[in-house]
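Have a look at the structure below before the remarks.
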Amino acid sequence: MAAAGLRRRGFLAAAGAAALAPGAAFAADDTRIPLSQAFRFLDRYLSLAPAQRSLFRIGYRVVQNDKPAPGLKVAIVGADGQRRPLPLDAGGDVTALPSLAEWQSNAALQADTPFHIGLDIRPDVAPATRLDAVALDQALAQANAAIAHLAGPLSAMAPKLNVTLFIDAASGVVAGADGRSAPLPITTAIKQIGPTPYLPSANAGAKWVTLTRVPSHIFFAKA
């Protein structure tokens, strides 16, 4: 029981950090990081039934000096010393996550220079200049339900995601079913990403979001 409580508290710490500061580090940069520390929350996410995580996913990004580091050569080093490259996209996102068996082993991430892995919670939608606001809200609701489920008896302490952030989109508008539109508000509260348009979850009647530029990432957060 005590171990389960500690795991829940660890999960809440990871979820809270992802909600309040998407992409932030959990520890100081290092050249070698155990997988269980680098990919916080992954085991809990994979423990959900597929239907409980069909609309959202966990994003992990290699970061150096508070910036994505897509060019950094990072490898997964197994307990037997065997190495395989960690695949990254042009934005530094990890494109193939470790398996649960690897996560539970003594494997680690290793690079020649210090780095960390940033974590965020995101809708499972492709970035575009026109997005379905209803689908985004459904994904956010599912993410909140999953966080509460994983928190168990500590669900009252769980962070509640309430905004969708459109990183690097510059600006945008939200339109309702009646055709009326309004500018998306801008937040500067998350220093890692700068001024960012966002969609509040309480935006009743929102149907479409139209952005000035295709966002590099779409995150959920707690405002």
Once amide H atoms are placed 1.01 Å from N in the peptide plane, what residues at a sequence separation of 5 or more from Ile121, or on another chain, have their amide H within under 5 Å of its amide H?
Gly59, Phe220
How big is the accessible area of Arg53 in square angstrom, nearest 10, if you roll a 1.4 angstrom probe over the protein chains?
60
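For n ≥ 4 DSSP H runs only, could you compute -39500 (n - 2.57) per run for the chain, divide by its residues and tell me the 222 nm figure to the nearest 500?
Details: 5 runs with 53 residues, N = 223.
That comes out to -7000 deg cm²/dmol.
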If you take the square roots of the eigenvalues of the alpha-carbon gyration tensor of the range 88-181 and sort them as a ≥ b ≥ c, do you get rounded (a/c under 1.5), prolate (a/b over b/c) or oblate?
oblate
Cα gyration tensor, the range 147-195 - rounded (a/c under 1.5), prolate or oblate:
oblate
Using only the Cα atoms of the chain, each taken as one equal point scatterer with no solvent, compute I(q) by the Debye sum, divide by I(0), and report log10 of the ratio at q = 0.09 Å⁻¹.
-0.37
Tell me, what is the percent relative contact order of the chain, built from C-alpha pairs under 8 Å that lie six or more residues apart?
26
Explain nothing, just compute: Karplus ³J(HN,Hα) = 6.51 cos²θ - 1.76 cosθ + 1.60, θ = phi - 60°, for every residue of the range 114-122 in order, whole Hz, x for Gly and Pro.
x, 7, 9, 10, x, 10, 8, 10, 9
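Evaluate Rg over Rh across the range 52-106, taking Cα atoms for both radii and Kirkwood's formula for Rh. Provide the component values of the computation, followed by the final result.
Working: Rg = 12.8 Å, Rh = 12.6 Å.
Using Cα coordinates only, the ratio equals 1.02.
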Cβ-Cβ FRET estimate between Ala49 and Val173, R0 fixed at 41 Å, reported to 0.05:
0.70
In whole Å, how far is the Cα centre of the range 37-59 from that of the range 86-111?
14
Which whole-Hz couplings ³J(HN,Hα) result when phi for each residue of the range 96-104 is put into the Karplus expression 6.51 cos²θ - 1.76 cosθ + 1.60, θ = phi - 60°, listed in order with x for Gly and Pro?
9, 7, x, 6, 4, 4, 5, 4, 7
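Please sort 109-120, 144-155 by packing, taking for each peptide the average over its residues of neighbouring beta carbons within 10 angstrom, highest first.
On the way: 109-120: 19.8, 144-155: 16.8.
Per-residue mean Cβ counts within 10 Å order the peptides as 109-120, 144-155.
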By a straight-distance test (C-alpha under 20 Å), which aspartates and glutamates pair with Lys73 as possible cross-link partners, with residues fewer than eight away in the same chain excluded?
Asp29, Asp30, Asp89, Asp93, Glu102, Asp112
Applied in sequence order to the range 151-161, the curve 6.51 cos²θ - 1.76 cosθ + 1.60 (Karplus, θ = phi - 60°) yields integer Hz couplings, x standing for Gly and Pro, of 6, x, x, 9, 4, 5, 8, 5, x, 10, 5
Span per principal axis, largest first, for the Cα atoms of the range 129-219 (Å)
42, 33, 17
Students often check this: by mean Cβ neighbours within 10 Å, which of 39-46, 72-79 ranks highest, and how do the rest follow?
39-46, 72-79
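The values are calculated or read from the model by the stated rules, or taken from the named source; none is laboratory data. Computed from a predicted structure; not experimentally measured. Note that each Cβ is placed from the backbone with ideal geometry, even for glycine, and that neighbours are counted across all protein chains shown. Only protein heavy atoms, including side chains, enter the accessible area calculation; ligands, DNA and RNA are left aside. Shrake-Rupley method; radii C 1.70, N 1.55, O 1.52, S 1.80 Å.
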